[in-house]
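Have a look at the structure below, then the notes.
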Amino acid sequence: MTVTAPPVVLEAPSAHPDSEIKAGQGSKIFAWLIIVAGILYFFTPLVATGERAFRAIGGVFSFEAFRRILTDPGFVDTFGASVINAVLTIVVSLLVIVPTAYWVTLKVPKLRSVIEFITLLPFVIPAVVLVFGLIRMYSRPPLAILSSRESTRVVLICAYAALSFPYMYRSVDNGLRSINVRTLTEAAQSLGASWPTILWRVIFPNLRVALLSGALLTFAIVIGELTVALYLGQQTFGPYMANLVRNFVAEPAALTILSFGLTWGAMGLISYLTRRKPGRRRLRRQAVGAR
Amino acid sequence: MKRTMTLLAVFALLIAACSGDATTTTTAAGGGDTTTTAAAGGEMDALIAAAQAEGTITTIALPRDWCNYGGVIDTFTEKYGLEYNGLAPDAGSADELEAIRANQGSSGPQAPDVVDIGLAFGPDAKDEGLLQPYMVSTWDSIPEDAKDAEGYWYGDYYGVLAFEVNADAVDNVPQDWADLLNPEYNGQIALAGDPRVSAQAISAVFAAGLANGGSLDDPEGAAQAGLEFWAEVAAAGNLVPVIAESGTVASGETPISIRWTYNGLANRDANAEIAAIEVVVPASGRYAGVYVQGISAFAPQPNAAKLWMEFLYSDEGQNLWLDGYCHPIRYENLIAADAVPQDKLDRLPDVTGAVFPSLEQIGAASEVITTQWDAVVGVNVGG
Amino acid sequence: MTATSADSKRVGGVERPPRLRPRRSYFGWIGILPFLLFSTAFLLGPAAILFFRSFQSNEGGFTLANYQQLTDPQVLQSYGLSLRISFVTALVGGVFGFLLAWAVIFGGLPRFFRSLLTTFSGVASNFAGVPLAAAFIFTLGRIGLVTALFGFFGLELYDTDFSLYNFWGLTVVYMFFQFPLMVLTITPALEGLKREWREASENLGASSWEYWRYIALPVLMPSVLGTIILLFGNAFGAHATAYALTGGTLRLATILIGAQISGDVLQNQGLGYAVAMGMVVIMGLSIAVYTVLQRRAERWLG
């Protein structure tokens with residue numbers, strides 16, 4: 001039976017599906033306990049690091065360590081470069097993973113384990129092996145891409161996208177599982193949509209939360225990545241941090257706090273920019289066929 | 001499913017086959033330069049001109065605070081106007097050689113021109129064809145046993161193992177190996193690396209062995225003695241399973257560490273505001289470690305590389321290393337020629353009596369140490 | 001191709017017309033070709049060297065000795081240790097991470113907690129290696145903040161059996177990136193729980209606990225399993241944090257590999273590559289196990 005009522009509304013589920021159902025008192029207390037435990041666990045090491053950072057120079061509380069870092073041109077340059085790399089990596093990763101995950105879910109579920117295996121490979125390939133492998137492959141004709149800093153950056157970004165596959169794929173897969181992919185696709189097809197349209201206007205919007213998760217995870221990976229950037233001679237944030245950490249006590253602690261804070265801020269920005277625009281009515285999902 | 005796997009495998013194999021592998025050819029990269037020695041005067045000028053035409057020198061594994069490489073780099077670039085491109089300051093010797101191997105035929109900024117590797121790696125790198133020979137103009141003043149007869153690799157500097165101590169955290173600074181067994185140092189001593197992997201840590205074990213009855217004539221025995229010594233230190237609870245670095249010593253997390261004199265002294269200067277660090281060369285069992293330089297057989301900028309070498313082995317370059325508390329390889333020669341200012345000499349720690357193990361001795365001892373560490377010293381990993 | 005009964009689906013008691021299936025099953029491949037090409041170019045190709053070098057001896061000739069060495073007690077112990085820490089952190093990380101995500105989405109907490117947790121998890125998920133180890137050393141090391149705090153109250157932590165630098169210490173440290181990873185990755189799945197189900201179950205008189213036990217969790221199980229294997233892989237391949245914390249004394253497989261491939265002293269690189277290939281195989285086996293569990297979980301969903 002197909003729907004005869006008004007056209008299918010392809011909206012994402014509401015942001016807080018259960019928000020209209022009040023959480024019971026017991027649940028609430030439990031939730032608070034969990035959160036408090038989490039906060040304690042996460043913030044204690046950060047506080048300890050902060051304490052080092054402020055106490056750094058000569059045992060007196062001061063901003064000196066922070067000042068030294070913020071006025072170092074290397075910091076700004078490398079962090080900026082890494083942010084740009086991160087954004088580009090996210091784009092590449094999305095473009096590769098989302099259509100693939102969609103296709104696998106829809107058409108060839110049997111190939112799922114193969115894809116999953118490949119996406120999990122970055123975990124077991126040592127970074128040094130990967131970077132030297134890349135150098136071998138792309139240093140010589142006919143694939144001599146690594147001949148200049150700029151072209152190397154392209155290779156770097158593609159390598160980072162590959163490294164983000166485990167996280168991006170899992171997020172997208174979880175997202176796809178939570179929406180009715182098949183039905184959405186059929187409905188869109190019956191309305192005459194082509195594949196690119198389906199992907200862009202139906203699937204992507206419904207995966208907003210999943211894509212955000214994947215993007216945040218990818219961003220974090222790229223900002224902190226060290227080994228590949230190092231051997232490809234790229235001046236990014238990872239090598240900069242490693243260099244500092246080798247020698248000094250105070251600056252690394254301050255750098256950790258700073259980079260943590262900055263990255264958190266960047267994530268907040270990404271999150272804010274991709275949230276649903278205010279004022280858009282929250283439409284109830286129409287049942288498409290019986291579920 | 002099977003088809004996918006086969007297709008993937010074929011893909012990967014094809015790509016990997018095309019990208020070449022370990023067997024290397026010894027064709028030197030770079031334009032038509034075949035000089036393997038340099039003479040003073042006119043040839044030097046020609047070399048400088050050729051290097052400047054290339055414009056850049058690419059190095060690897062040279063931290064700025066190691067032996068005052070920072071000063072060396074700055075002086076070199078200012079003097080000759082070349083650009084400096086430093087890769088991976090923390091790379092180990094094996095990674096440096098891998099970088100040469102992987103970058104064969106590449107002229108990009110990832111390919112290193114020169115390497116600074118542990119003594120043990122020199123001959124193997126030469127055998128594998130990763131280096132090209134070059135004899136600097138001061139070649140003859142480099143001690144015989146610190147260089148390859150054909151000029152493929154040559155010792156650059158050495159340091160002596162010393163105790164790097166955070167004097168704020170430790171009341172009685174240890175003066176000799178036996179002191180390390182003292183119970184007052186409970187939980188305070190750490191090696192500067194994993195003794196199964198790091199040359200510095202392995203040296204610490206070997207040196208301890210030499211100080212405890214071992215001798216260079218029987219490196220395996222000395223290595224065994226060293227392992228037993230460290231087992232005692234661990235049993236006394238003095239040894240912690242953390243890698244000591246400048247930061248951990250200065251912060252007091254690992255107040256006592258065994259590192260090369262130049263690392264300890266550089267740390268002392270750099271972190272003077274945070275902690276008072278003392279560097280003590282042990283009274284017995286003084287152990288010297290040599291590093292060697294080499295030019296990559298595939299260096300994209302071979303003339304710049306040669307100029308770099310000329311600079312390093314000139315009086316000026318060797319003195320700059322001295323500033324970093326490293327004993328340059330031409331040390332004796334410089335002293336004899338009065339080429340070192342007295343105040344610099346005074347800053348150096350007294351290292352008389354330090355022994356220089358040969359390649360074979362190091363190799364034999366390393367074999368014992370890396371394989372036996374777990375069994376003899378074996379920190380209990382728990383859990 | 002004629003429609004078979006397998007092609008049509010029964011939904012709501014009514015047969016739906018069969019979907020158009022492509023003629024040959026190879027067609028499905030085209031869709032994943034971009035992915036395969038990209039992976040080959042930037043992942044499989046560079047990593048192929050792992051495969052070849054694992055058969056190489058130090059002198060350069062072909063050998064199977066590296067693989068034979070995989071049965072050495074030292075190597076087996078490394079694998080065992082890596083597997084243990086991966087399992088433990090995946091399970092504990094999975095459970096607590098799930099609870100964290102649940103708490104901010106369904107727990108009735110203030111709304112802004114949700115985006116705070118999400119963004120924080122983004123940062124924390126990759127906070128690893130030297131900075132993370134340093135942070136915990138500052139906290140629970142010999143002169144750490146918490147250690148000092150305990151000492152202030154008379155409990156000298158390091159006089160007891162406690163140590164940050166052993167298996168359990170490393171587990172505590174690993175959680176810092178495992179929890180957030182779980183939170184971020186399971187959130188889309190939690191989001192997808194239909195409000196209607198909750199309403200329906202309440203209408204039928206089920207308690208909150210019963211809703212979760214009989215409806216929500218089974219539905220979520222495929223995603224949960226998938227995310228746990230992600231955590232497993234994450235811990236399995238982790239190297240920098242363990243190295244920074246214990247200096248290589250905890251002989252995980254990744255540390256063993258690093259020692260062989262990048263060590264400062266001549267080792268056996270071929271062995272390092274062989275151990276890495278072993279890790280690839282283990283990863284593959286884990287996926288096989290996970291796939292079986294996955295199919296079971298999916299069966300419920302029809």
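The values are calculated or read from the model by the stated rules, or taken from the named source; none is laboratory data. None of the values given here were measured: they were computed from a predicted structure. Positions of Cβ are generated from backbone atoms using ideal geometry, with glycine treated the same way; all protein chains shown enter the neighbour counts.
Observations
- One residue from A:N174, A:N243 being more than 25 Å from C:F136 (Cβ to Cβ), within 12 Å of chain C (Cβ to nearest Cβ) and part of a helix (DSSP H, G or I): A:N174
- Hits in the stretch C:99-122 (condition: over 14 Å from C:T185 (Cβ atoms) and among the hydrophobic types (A, V, I, L, M, F, W, C)): C:L99, C:A103, C:V104, C:F106, C:L109, C:F112, C:F113, C:L116, C:F120
- Residue, surrounded by the fewest Cβ atoms within 10 Å (Cβ to Cβ), within the stretch A:30-70, restricted to residues that are more than 9 Å from every other protein chain (Cβ to nearest Cβ) and modelled with pLDDT of 90 or more: A:L40
- Of the helices (runs of 4 or more DSSP H) contained entirely in the stretch C:23-120, those carrying at least 2 residues that are facing chain A (nearest Cβ under 9 Å) and farther than 30 Å from A:S271 by Cβ fall at C:27-39, C:45-53.
- Some residue of the stretch B:24-40 being outside the structural domain of B:G122 (by TED's automatic domain parsing), in a helix (DSSP H, G or I) and either modelled with pLDDT under 85 or over 24 Å from B:Y158 (Cα atoms) (or both): no
- Within the stretch C:214-239, residues that are farther than 29 Å from C:G80 by Cβ and of a type in the set (F, W, Y) sit with their Cβ atoms under 9 Å from residues that are assigned to a helix (DSSP H, G or I) and modelled with pLDDT under 90, at 6+ positions apart or across chains, in these pairs: C:Y214/C:S201.
Matching residues to (1) within 11 Å of another protein chain (Cβ to nearest Cβ); (2) over 18 Å from the mean Cα position of the chain (by Cα); (3) modelled with pLDDT of 90 or more:
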site	(1), (2), (3)
B:G108	yes, yes, no
B:P112	yes, no, yes
B:A120	yes, no, no
B:D140	no, yes, no
B:K147	no, no, no
B:Y152	no, no, yes
B:D171	no, yes, no
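- Test for B:Q188: is it farther than 19 Å from B:G363 by Cα and in contact with a Lys or Arg (Cβ under 9 Å, 6 or more places away or on another chain): yes
- Residue that is farthest from A:W264 (Cα to Cα) [pool: residues in the stretch A:71-119 that are surrounded by fewer than 18 Cβ atoms within 10 Å (Cβ to Cβ) and of a type in the set (D, E)]: A:D72
- Flag for C:L225 being more than 10 Å from chain A (Cβ to nearest Cβ) and either in contact with a helix residue (DSSP H, G or I) (Cβ under 8 Å, 6 or more places away or on another chain) or more than 30 Å from C:R296 (Cα to Cα) (or both): yes
- Selection over the stretch B:177-193 of residues that are assigned to a loop (DSSP other than H, G, I, E, B) and touching an Asp or Glu at 6+ places or on another chain (Cβ under 9 Å) gives a count of 2.
- Filter result (in contact with a Ser or Thr (Cβ under 7 Å, 6 or more places away or on another chain), of a type outside the set (A, V, I, L, M, F, W, C) and within 13 Å of chain C (Cβ to nearest Cβ)) within the stretch A:133-161: A:R136, A:S139, A:Y160
- In the stretch B:220-246, residue farthest from the chain's Cα centre (by Cα) [restricted to those that are assigned to a helix (DSSP H, G or I), within 14 Å of chain C (Cβ to nearest Cβ) and surrounded by 23 or more Cβ atoms within 10 Å (Cβ to Cβ)]: B:W230
- Within the stretch A:257-277, being touching a residue at least 12 places away in the same chain (Cβ under 8 Å), over 18 Å from C:P188 (Cβ atoms) and surrounded by fewer than 17 Cβ atoms within 10 Å (Cβ to Cβ) holds for one residue alone: A:L262.
- Restricted to the stretch B:81-100, and to residues there that are part of a helix (DSSP H, G or I) and more than 8 Å from chain A (Cβ to nearest Cβ), the residue that is farthest from the chain's Cα centre (by Cα) is B:I100.
- The criterion of at least 2 residues that are under 26 Å from B:A201 (Cα atoms) is met, among helices (runs of 4 or more DSSP H) falling completely within the stretch B:288-383, by B:315-323, B:359-376.
Table: residues versus (1) farther than 20 Å from B:T371 by Cβ; (2) of a type in the set (F, W, Y); (3) within 9 Å of chain A (Cβ to nearest Cβ).
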site	(1), (2), (3)
C:H239	yes, no, yes
C:A259	no, no, no
C:M279	yes, no, yes
C:I282	yes, no, yes
C:V289	yes, no, no
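Yes/no per residue for (1) of a type in the set (A, V, I, L, M, F, W, C); (2) under 27 Å from C:F236 (Cα atoms); (3) not in a helix (DSSP H, G or I):
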residue	(1), (2), (3)
A:G74	no, no, no
A:D77	no, no, no
A:Y102	no, no, no
A:R112	no, yes, no
A:I115	yes, yes, no
A:A144	yes, no, yes
A:S147	no, no, yes
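- Of the residues in the stretch A:190-198, none is at the interface with chain C (Cβ under 10 Å from one of its Cβ atoms), surrounded by fewer than 24 Cβ atoms within 10 Å (Cβ to Cβ), outside any helix (DSSP H, G or I) and in contact (Cβ under 8 Å) with a residue 60 or more places away in the chain.
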